[in-house]
Amino acid sequence: MLQRGSADSENDGGPQFAEVFVIIWFGAVTITLNSKLLGGNISFFQSLCVLGYCILPLTVALLVCRLVLLAKPGPINFIIRLFVVIMMFVWSIVASTAFLADSQPPSRKALAVYPVFLFYFVISWMILTFTP
C-alpha cells in the first residue's frame, strides 16, 4: 500500500516494494535476535509473528491516511494524518511490548523494548511522509 502509481514508474515519490519488504523483514529479524540474545523465553517464530501482527494498526493508519490524502492538502489534513499515525503507533507499541517485554528478564526489558519502538517508528514515519 505504500507503493504509488505503476510498477514501472521510478520517480513517483513512494518507496518500492523491496524497500518496504527489507525494512520490515530486517527489522523484525533484528528485534527477534536481540530478544533471544537478551535471554528472552519466547521462540524465534513467536516473536516474528507478534511483530508481524502488531503492524496491523499501522496498516489501518496507512489506509486512513490514503483516504485523507484524497481531500485537499493543507494543515488540517496533516494534523489528522499525524493524529491517526500517532494513535496507531502507540497501539502497535503497547500490543507488541505486552508480549515481548514479558518474555524478558526484568533487568533487560528496556533493552528489548527500545528496538521495537524504533522499528514501529520507522514504519510510522514512512506512512506519515508518504505523499502522492
Is there a quick way to get the dipole size of the range 18-130? I mean about its Cα centre, with the Cβ of Lys and Arg at +1 and of Asp and Glu at -1; what is the value in debye to the nearest 20?
140 debye
Using all Cα-Cα distances in the chain, what percent lands in each 10 angstrom bin from 0 up to the longest?
12, 40, 29, 15, 4, 0
I'd like the accessible area for Val113, computed on protein heavy atoms only with a 1.4 Å probe and all protein chains in place. Round to 10 Å², please.
40 Å²
Calculated FRET efficiency, Phe83 and Leu63, Cβ-Cβ r, R0 25 Å, to nearest 0.05?
0.95
I want to check the label-to-label distance for Tyr53 and Lys36. Put each point 7 Å from Cα in the C-beta direction and report it in nm to one decimal.
2.0 nm
Between 0 and 90°, nearest 10: helix 109-129 axis offset from the chain longest Cα axis
10 degrees
Peptide ranges 41-49, 26-34 listed from the most packed, as the mean C-beta count within 10 angstrom indicates:
26-34, 41-49
Give the angle, between 0 and 90 degrees and rounded to the nearest 10, that separates the Cα long axis of helix 56-69 from the longest principal axis of the Cα atoms of the chain.
10 degrees
Relative contact order of the chain, pairs being alpha-carbon contacts under 8 Å that are 6 or more residues apart, as %:
33 percent
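The values are calculated or read from the model by the stated rules, or taken from the named source; none is laboratory data. In this text the structure is predicted, and so the values were computed from the model without any measurement. Cβ: placed from backbone, ideal geometry, glycine included. Neighbour counts: every protein chain shown. Surface areas here come from the heavy atoms of the whole protein model, side chains and all, with no ligands, DNA or RNA. Shrake-Rupley method; radii C 1.70, N 1.55, O 1.52, S 1.80 Å.
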